[in-house]
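S.K.: One structure, pasted below without further comment.
The values are calculated or read from the model by the stated rules, or taken from the named source; none is laboratory data. None of the values given here were measured: they were computed from a predicted structure. Counting neighbours? That spans all protein chains shown, and the Cβs are built from the backbone with ideal geometry, glycine included.
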Amino acid sequence: MAFKKDFLWGGATAANQYEGAWDIDGKGASVPDHCTNGSHKTPKRITPDFEEGTLYPSREATDFYHHYKEDIALAAEMGFKVFRMSINWSRIFPTGMEEEPNEAGLQFYDNVFDELKRQNIEPLVTISHYELPYALVETYNGWYGREVIDCFVRYCKVIFERYKDKVTYWLTFNEINSGTAPMGAALSLGTIKGFRGPVDEIPDEPQVRFQALHHQFVASALVIKYAHENYPQFKLGNMSLFATKYPYSCNPADVLECQKQMRIMNWFCSDVQARGYYPSYINRFFEEKGIVIKKEEGDDEILRQGTIDFYTFSYYMSTCETVDASVLEKAGGNLIGGVANPYLKASDWGWQIDPEGLRYTLNEIYDRYQIPLMVVENGLGAYDKLEEDGSVHDDYRIDYLRKHIAQMHEAVKDGVDLMGYTPWGWIDVVSASTGEMAKRYGFVYVDKYDDGTGDLSRRRKDSFFWYQKVIGSNGEDLS
């Protein structure tokens, strides 16, 4: 009952946090290019124009654009079978609205895919990973404008045809369910037209968010249907942020509150993408929130015809839910927090560490959909110390990953069809939530700091050699 022989071991990144070269070779500005740096205590800001003397960390990030050969060689040294990455939409269509793509942008990804093939690594490509072209924000208020569907479909048709012989596995939208939470307005939906200020002060408009989310559902289904009809070799998946929740107590009211939150945050989007229709439970939620989704004729049929082939998700932590207002201890989180679980410890950023929760989550997802699953983000953001000899001793990260992989193994024993694992930020990248470098996840340390300094050199952490051994043993040797 071990992992499959062809199990896809690898690591995950995102262009907006990793690639850099924000205005090179014809690339246009995306939403992250308008985001300043922040920290665990101070939120990053969004500026419609660019402020002199302000650091915008995604502009250089950790510069995969100029280090892709070196980085892919490091991935190959670890034994990667799969390399999760994303394409920067605004590198292909600088404003998102052009009729013809930017050839220099297309060629860059050709080079990346060719290098991956040379190293016998399979690409797993996220088509849109939190990097909406900023011009689509200014013109249509992001995904709230239905016109963005056609822009996305045009973009997908171009990259499908260009990379049809180089990419098999595609994910349409990263953590699409982030749109169910206020922070998703900036990260995913781009419904921030004219906004300037800290990301935690974006006015929340549920009607706008869920209408924009509907447009993403339609766009995703359209391109999945198109791919199935024209590129039968492709496999198309979703990508959800799984924010596992438990009832804080056995009070039936806590259980019902937990069920409600699980449905909206964790199940709603994937129910649409895996089953092909809006679930019945969402109707009451919409009614109570005063949300009315405007659909065009044919939308429901599009959703039915464009369902996913496999399910992928991020898993970092879990929280609890309660109706008891006297329970004051809160847990941190990447997009949505909750009540702290007294049985769990937390990371430096307040994210509760719950390996058993991954097993529970895998079983719940597989029971619901019965399609192959893949954990495409999982990891520990921590302060890493670079020693004078260039080493980084990150036993805390090894311990985190060891325990989560062990629980994945248990889930496979439980009967889950698990196809792969790509820990988040296998190399240090800019934090999506805070815009900082101090919060590091990688097996590879990048010399880049919160003030923008650093020579971008790469160094192997202790976890690099540990993960190399894990992959070499197909997950059997976790010592």
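S.K.: If you take just the helices (runs of 4 or more DSSP H) that sit entirely in the stretch 1-100, which of them hold at least 3 residues that are charged (D, E, K, R) and either more than 23 Å from Cys151 (Cα to Cα) or touching an Asp or Glu at 6+ places or on another chain (Cβ under 8 Å) (or both)?
M.R.: The qualifying helices (runs of 4 or more DSSP H) are 64-78.
S.K.: Next question, about the same structure. Across the stretch 122-147, what is the total count of residues that are under 21 Å from the mean Cα position of the chain (by Cα) and not in a helix (DSSP H, G or I)?
M.R.: 12
S.K.: Follow-up question, since we're still on this one. Within the stretch 444-471, work out how many residues are touching a strand residue (DSSP E or B) at 6+ places or on another chain (Cβ under 7 Å) and assigned to a loop (DSSP other than H, G, I, E, B).
M.R.: 2
S.K.: Return yes or no: is Val416 of a type in the set (Val, Ile, Thr) and more than 24 Å from Trp349 (Cα to Cα)?
M.R.: So Val416 fits the description; yes.
S.K.: Taking the stretch 406-442 only, how many residues are over 18 Å from the mean Cα position of the chain (by Cα) and assigned to a loop (DSSP other than H, G, I, E, B)?
M.R.: Total satisfying the criteria: 4.
S.K.: Just the residues that are of a type outside the set (Gly, Ala, Ser), more than 20 Å from Ile87 (Cβ to Cβ) and in contact (Cβ under 8 Å) with a residue 60 or more places away in the chain, please, taken from the stretch 20-41.
M.R.: Result: Thr36, Asn37, His40.
S.K.: Scan the stretch 35-45 for residues that are buried (at least 21 other Cβ atoms within 10 Å of the Cβ) and in contact with a Phe, Trp or Tyr (Cβ under 8 Å, 6 or more places away or on another chain) and report the count.
M.R.: Count: 2.
S.K.: Scan Asp204, Asp200, Asp150 and give me the residue that is surrounded by fewer than 24 Cβ atoms within 10 Å (Cβ to Cβ), of a type outside the set (Gly, Ala, Ser) and outside any helix (DSSP H, G or I).
M.R.: Answer to the check: Asp204.
S.K.: Name the pairs: first residue in the stretch 135-146 and at positive phi, second residue among the basic types (Lys, Arg) and surrounded by fewer than 24 Cβ atoms within 10 Å (Cβ to Cβ), Cβ to Cβ under 9 Å, at least 6 apart or on different chains?
M.R.: Asn141/Lys193; Gly142/Lys193
S.K.: Between residues in the stretch 51-67 that are closer than 18 Å to Asp25 by Cβ and residues that are outside any loop (DSSP other than H, G, I, E, B) and of a type in the set (Asp, Glu), which pairs lie under 8 Å by C-beta distance while being six or more apart or on different chains?
M.R.: Ser58/Asp33; Arg59/Asp33; Phe64/Asp71
S.K.: Now for a different question. Sort out which residues of the stretch 237-288 are of a type in the set (Gly, Ala, Ser), assigned to a loop (DSSP other than H, G, I, E, B) and within 19 Å of Arg209 (Cβ to Cβ), and write them in order of number.
M.R.: Listed by number, the list holds a single entry, Ala243.
S.K.: Name every residue in the stretch 225-247 that is farther than 20 Å from Ser270 by Cα and in contact with a Ser or Thr (Cβ under 8 Å, 6 or more places away or on another chain), in order of residue number.
M.R.: Gln233, Pro247
S.K.: Moving on. Quick test of your reading of the structure: Glu98 fulfils all but one of (1) over 19 Å from the mean Cα position of the chain (by Cα); (2) buried (at least 20 other Cβ atoms within 10 Å of the Cβ). Name the failing condition by number.
M.R.: (2)
S.K.: Also, quick follow-up: So Ala76 ticks every box in (1) of a type in the set (Gly, Ala, Ser); (2) surrounded by fewer than 21 Cβ atoms within 10 Å (Cβ to Cβ); (3) in contact with a strand residue (DSSP E or B) (Cβ under 6 Å, 6 or more places away or on another chain) but one. Which box is left unticked?
M.R.: (3)
Yes/no per residue for (1) buried (at least 18 other Cβ atoms within 10 Å of the Cβ); (2) farther than 26 Å from Lys81 by Cβ; (3) basic (Lys, Arg):
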{"residue": "Asp324", "(1), (2), (3)": "no, yes, no"}
{"residue": "Gly338", "(1), (2), (3)": "yes, yes, no"}
{"residue": "Tyr343", "(1), (2), (3)": "no, yes, no"}
{"residue": "Trp349", "(1), (2), (3)": "yes, yes, no"}
{"residue": "Asp354", "(1), (2), (3)": "yes, yes, no"}
{"residue": "Val375", "(1), (2), (3)": "yes, no, no"}
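For (1) assigned to a loop (DSSP other than H, G, I, E, B); (2) modelled with pLDDT of 95 or more, each residue gets a yes or a no:
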site	(1), (2)
Pro342	yes, no
Trp349	yes, no
Gly357	no, yes
Tyr360	no, yes
Tyr366	no, yes
Glu387	yes, yes
Ser391	yes, yes
His404	no, yes
